[in-house]
Structure formats: structure tokens, C-alpha cells
Amino acid sequence: MAATVRLGTCSFADEGLLRTWYPRGVSTSKARLAYYAERFDTVEVDSPYYHLPDPAVTGRWAQRTPPEFVFHVKAHASMTHHEPAEQEGAFAAFRASLEPLELSGKLRGVLLQYHPRFVKSAAAKAELARVHALLDPLVPLVEFRHRSWLAENERADTLAFLERHGLAYVSVDAPPTRASNVVPPVAAATHEVAYVRFHGRNVRTWNIRSSRSADRFDWLYSEAELAEWVPKLAALAAEADEVYAMFNNNRDDFAPRSAMLLRRLLDEAGIPASGGLEPPPREPTLF
């Protein structure tokens, strides 16, 4: 039986969402998360990459979402070579900040988006081999940002290595450029969890220097672009037990709009999916 493709976005509190997606009156963190959870049953929280949240905050995320809701959280910069750090200490500090969410059973995966300087090498592979033990039982979601890992003559070795060490490969949709910090759009499952991130296809902005991530991921997907992923997601759903398709094109409300378009395409193809639908209108009451 094919897995359900669960759709979500890579934040529920980006500036663009606050400005263009949430209705007037949905203005508190509690209200926003409730609104989001009515439309999606999974989210990737990227803010811990910049600063670790207080455990009280992560506890509230768990309290304010339905029982079946699933969180994935982006690893702090110190865990993925964006900042210098001792590996075990960086992972331990991260898990301490997320402990209430993990104990709730709602935290599933940790996104490890490695810096482009994390080039494939024996030393890099040795570091990756230690990650599963540092995160267990959470799922390490590994996203590479250097082409060396997915070069044609390295691809099979990389995917086999990840599978052997209990690491989930993160498939990406990114700008069609030969830049070294973009890997090809390979859809692969190396774990019972298959994970896809949609970054948009804006070649012009991919490597611009900007303090706002929305400038880099400024792309609204077309139906034709997302249709390319329907058979790929069907194949992942046949191979993995869980499949997540997460949108990181965070200009304005582009991410939820793209997710809703993909949901329609999956429905039309008969592929089980969740998220990306508007809830039915509430019945008016007298009181």
C-alpha cells in the first residue's frame, strides 16, 4: 500500500506568511499555528537554524497542534558546518531545546542542510556516520549543498552510504543551474522516511547576497513544474513508509499556494495525499 504524501511548508511564521497568507485577526503565534494546522498536518520549523528556541516554546508547539501533527526541525547552523562547533555538544544543545517537542512524540525529523563547503570526502563521510547515534530515534534528514555528493560517478555510493547509516536523503527541487551548491533533482529514498524540499527555480536570485531568505527563494511554481514531481512522488510513496513534500519558496504566500497546487495534481493522479486543502466552512451557530 502506497504511503500518503504529506504536504507542508518550511515555516509557519515567515514574514511573507504573516503579511500575505494569514487573515486579519490571526495575529498571535497560537492563532497562526491553529490556522496552519487546519490546512496542513506537518511543518518544517527552520528558525532553530538561527537560534535555539526555549524549551517552553517547543512545548507550546506540541500543545497547540492536533495529535497526528508532525514536526520536522532544521538543525542549528553549528551542526552543519555553517558555524564552527564540536559535533556532540552542538547536537546535545539542539536536542535539549527541542526536548518537550520530542517527548510529545510529534517531532519526527531533523533537517541537516550541510554547508556547500561540506564536500564529499572520507572525513565528511566519517562525520555523517556519527549522526544517527546523536539523533536517534529522530530521523536525520540529510540535504547536501555540494554537487560532489550527487555527481553521476558518486551518486550510487552516496545513497548506499546514507541507507547503510540510517540517514534519510533529502531530494530537492532547485534552480536548474550548474552552480556547485545545487545538486541535481534526484528523487531517492534511503530510509523509511522520504523527504522532498522545494526551493523554487529562480536561477537569478539563488546566489545573491541578501539578509532575507525570501529574496533567494522568490518563485511561485507553475502547474507544469509541479507535474514533473507527481510520478517521482508516486515512486517514493511506493518505496518509503512516510513521504513529506515541503515547500521552502517563502516569498509572500508562494509556499502554501504551491503546496495546494501540488495537492490538486496528486488528487487528480489518484496518489494519496494530506494537507494543502482549505477546511470546509464552519456552520454558523446561534451562540
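Values quoted throughout were computed directly from the atomic coordinates according to the rules given, and no laboratory measurement underlies them. All values reported here derive from a predicted model rather than from experimental measurement. Note that each Cβ is placed from the backbone with ideal geometry, even for glycine, and that neighbours are counted across all protein chains shown.
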So if I average 1/r over every pair of distinct C-alpha atoms in segment 84-153 and take the inverse, what Kirkwood radius in Å does that give? 13.4
So, in the chain, how many Lys pairs have Cα atoms under 30 Å apart, if the pair is 8 or more places apart or on different chains? 10
Over all alpha-carbon pairs of segment 1-111, lay out the pair-distance distribution in 5 Å bins, whole %, shortest bin first. 2, 11, 21, 23, 18, 12, 8, 3, 1
For a quick check of your reading of the filter: which trypsin sites (Lys or Arg not before Pro) in segment 1-41 sit in a DSSP loop and have no more than 14 other Cβ atoms within 10 Å? R24
For segment 5-274, shape from the Cα gyration tensor axes a ≥ b ≥ c, cut at a/c of 1.5 then a/b versus b/c, turns out rounded
With springs only between Cα atoms under 10 Å apart, run a GNM on the chain and tell me which of A75, A187, A124 wobbles the most. A124
So, relative contact order of segment 5-274 in percent, Cα under 8 Å, 6 or more apart, is 20
Going by average Cβ neighbours within 10 Å, how do the peptides 47-60, 255-268 rank, with the highest at the top? 255-268, 47-60
Under the helix-only model (-39500 (n - 2.57) for each DSSP H run of 4 or more, divided by the residues of the chain), the mean residue ellipticity at 222 nm, to 500 deg cm²/dmol, is -9500 deg cm²/dmol
